[in-house]
1. Can you list the helices (runs of 4 or more DSSP H) found entirely within region 97-173 that contain at least 2 residues being touching a strand residue (DSSP E or B) at 6+ places or on another chain (Cβ under 8 Å)?
2. Please enumerate the residues belonging to region 62-80 that are at pLDDT 95 or above and charged (D, E, K, R).
3. Looking at region 3-18, which of its residues are in contact with a Lys or Arg (Cβ under 8 Å, 6 or more places away or on another chain), open to solvent by 20 Å² or more (accessible area, probe 1.4 Å) and either under 16 Å from I65 (Cα atoms) or touching a residue at least 60 places away in the same chain (Cβ under 8 Å) (or both)?
4. Is it the case that region 226-244 has a residue that's open to solvent by less than 80 Å² (accessible area, probe 1.4 Å), under 29 Å from K118 (Cβ atoms) and over 17 Å from the mean Cα position of the chain (by Cα)?
5. For the structure I just gave you, tell me whether L113 is at pLDDT 95 or above and buried (at least 17 other Cβ atoms within 10 Å of the Cβ).
6. Quickly run through region 87-119 and pick out the residues that are of a type in the set (V, I, T) and farther than 15 Å from A159 by Cβ.
7. State the number of residues belonging to region 202-225 that are surrounded by fewer than 14 Cβ atoms within 10 Å (Cβ to Cβ) and under 18 Å from the mean Cα position of the chain (by Cα).
8. Kindly provide the set of residues from region 145-160 that are surrounded by 18 or more Cβ atoms within 10 Å (Cβ to Cβ) and closer than 13 Å to S241 by Cα, ordered by number.
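The values are calculated or read from the model by the stated rules, or taken from the named source; none is laboratory data. From a predicted model like this one, the values you see are computed outputs, not experimental measurements. We place every Cβ from the backbone using ideal geometry, glycine too, and count neighbours over all the protein chains shown. Side chains included, ligands, DNA and RNA excluded: accessible areas come from the protein's heavy atoms. Shrake-Rupley method; radii C 1.70, N 1.55, O 1.52, S 1.80 Å.
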Amino acid sequence: MQNIKVTLLIGASSAIAKSVRDNLLANGEFVIAVSRTTADISHPNLEWFVSDYSDQSISSICNNIANSMRPLCRVGIFLGLLHNDDFMPEKKLEDWNFDQSRKIFHVNVEIPLMWLSKLAPMLSKAWHRAEPKVSIATLSARVGSIGDNSIGGWYSYRASKTALNMALKTAAIELARRAPNTKLISFHPGTTDTQLSKPFQARVPANKLFTPDFVAKRLLNIMDTSNVDGTLSYLDWDDKSIPW
Ligand SMILES: NC(=O)c1ccc[n+]([C@@H]2O[C@H](COP(=O)([O-])OP(=O)(O)OC[C@H]3O[C@@H](n4cnc5c(N)ncnc54)[C@H](OP(=O)(O)O)[C@@H]3O)[C@@H](O)[C@H]2O)c1
């Protein structure tokens with residue numbers, strides 16, 4: 001058990017997260033999963049926490065992980081909200097409203113940052129810094145790129161992913177000091193066949209709509225091969241840099 005790699009997956013009911021989990025379990029690794037919903041599988045190498053992503057719940061799960069003193073070699077943060085039963089992404093300025101924007105920023109920026117805030121004390125501990133590398137990948141999106149935005153729309157989702165990138169860049173600078181074995185990645189999976197992209201798949205060519213398994217393998221490869229360089233990498237599924 002001591003030598004098995006441990007990966008923390010936050011937002012573990014995401015279709016991409018489930019594929020990452022399945023790849024890791026098939027490889028004999030250990031997965032700690034966190035989700036609002038209960039586990040859909042049971043496995044001896046899977047520990048599952050149900051969370052409402054409140055400050056208290058996140059603290060309690062992070063304390064639990066820290067108390068076990070099993071270092072994490074990877075952290076994946078999959079949380080992302082684009083649409084729900086009440087709203088779709090904004091097409092024009094008049095569609096923008098406080099309620100939708102607040103919900104999207106809460107899930108896409110605030111909850112991931114709360115996780116990093118609660119994980120940082122453990123990542124800074126000597127027993128965790130002794131790990132060769134801790135890869136932390138947060139699911140971002142190409143639409144969060146200011147340089148790449150040529151078609152507009154999706155105000156709240158775009159702006160939330162841009163804000164997420166800035167927060168992650170700032171965290172990378174801090175962690176380079178406090179936990180220099182950490183590598184932060186802001187990852188764009190490409191259009192992937194999940195609930196999140198369902199309403200927008202009609203005009204995506206079949207060869208451009210990825211399976212969660214394809215993306216999971218790409219993400220794990222990037223997490224495992226990226227260099228620890230004290231900064232944030234904004235990368236797509238093909239390991240190519242995306243302009244900020
Ligand atoms: N699919 C794509 O084409 C695509 C493209 C670009 C970027 N992304 C990004 O990839 C990530 C994973 O998404 P996916 O495609 O795998 O979609 P998905 O299967 O719909 O997963 C949604 C994720 O967001 C979390 N979530 C959704 N609503 C939430 C809420 N109200 N409060 C808290 N958490 C909530 C879920 O966490 P629970 O486990 O707690 O349910 C889950 O981790 C997202 O960050 C998304 O922005 C996806």
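1. Helices (runs of 4 or more DSSP H) meeting the threshold: 111-123.
2. R74
3. Answer for region 3-18, where residues must be in contact with a Lys or Arg (Cβ under 8 Å, 6 or more places away or on another chain), open to solvent by 20 Å² or more (accessible area, probe 1.4 Å) and either under 16 Å from I65 (Cα atoms) or touching a residue at least 60 places away in the same chain (Cβ under 8 Å) (or both): just K5.
4. Within region 226-244, one or more residues are open to solvent by less than 80 Å² (accessible area, probe 1.4 Å), under 29 Å from K118 (Cβ atoms) and over 17 Å from the mean Cα position of the chain (by Cα).
5. Yes; evaluated as a whole, the condition is true for this residue.
6. Within region 87-119, just I111 meets the criteria.
7. 3
8. The one that is surrounded by 18 or more Cβ atoms within 10 Å (Cβ to Cβ) and closer than 13 Å to S241 by Cα: S145.
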